[in-house]
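Enquirer: Submitted below is the structure of interest, expressed as structure tokens.
The values are calculated or read from the model by the stated rules, or taken from the named source; none is laboratory data. Fair warning: this is a prediction, and the values are worked out from it, not measured in the lab. Methodologically, a virtual Cβ is constructed for each residue, glycine included, from the backbone with ideal geometry; neighbour enumeration extends over all protein chains shown. What goes into the accessible areas is simple: the full protein's heavy atoms, side chains included, and nothing from ligands, DNA or RNA. Shrake-Rupley method; radii C 1.70, N 1.55, O 1.52, S 1.80 Å.
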Amino acid sequence: QVQLVESGGGLVQAGGSLRLSCAASGRTFSSLGMGWFRQAPGNEREFVAGLSSGGRTTNYVDSVKGRFTISRDNAKNTVYLQMNSLKPEDTAVYYCAVDTGGYFGVRRDRYDYWGQGTQVTVSS
């Protein structure tokens, strides 16, 4: 079992920044593939960013490349999503997810555990 707790969401103006955190417990964090997803009202949950267990390989959806950065601190069992130059279309509930097998790609069904989500709202 892995427990995930996200934090850092909130309301920000367009062009602003937020940093999301996801604290994990219950399993060796350094072996986990990590992902961030988001879901806007009426939309499917979509992949945003992924990070390998070693922290050296990343994967981003095209719409956030150059604006978002995923990173991890294995000593703190935490993964981060730094979001810069935010746009109103980034508004969504953001979820972190882990795969115990190390997967960090776009497929939702490959992830084993999910956090409860944190709301990000970007005003224009």
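Enquirer: How far is it, in nm, from the label point at Gln39 to the one at Gln82 when both lie 7 Å from their Cα along the line to the Cβ?
Expert: Once both label points are built, they end up 2.9 nm from each other.
Enquirer: With a 1.4 Å probe and every protein chain kept in, tell me what percent of the accessible surface of the chain is carbon plus sulfur.
Expert: Using a 1.4 Å probe with all protein chains present, the chain comes out at 44 percent carbon and sulfur.
Enquirer: Using the alpha-carbon centroid of each, what span in Å lies between the stretch 60-94 and the stretch 4-41?
Expert: About 7 Å separates the Cα centre of the stretch 60-94 from the one of the stretch 4-41.
Enquirer: Extending each Cα 7 Å along its Cβ direction at Ala14 and Gln116, get the distance between those two points in nm, one decimal.
Expert: 3.2
Enquirer: Tell me the per residue accessible area of the chain using a 1.4 Å probe; a whole number in Å² is fine.
Expert: 49
Enquirer: Regarding the chain, what whole-number volume in Å³ per residue does the convex hull of its Cα atoms give?
Expert: Cα convex hull per residue, to the nearest whole number: 89 Å³.
Enquirer: Return the loop-located GluC sites (Glu not before Pro) in the stretch 1-110 (DSSP other than H, G, I, E, B) with at most 13 other Cβ atoms within 10 Å of their own Cβ; answer none if there are none.
Expert: Glu44
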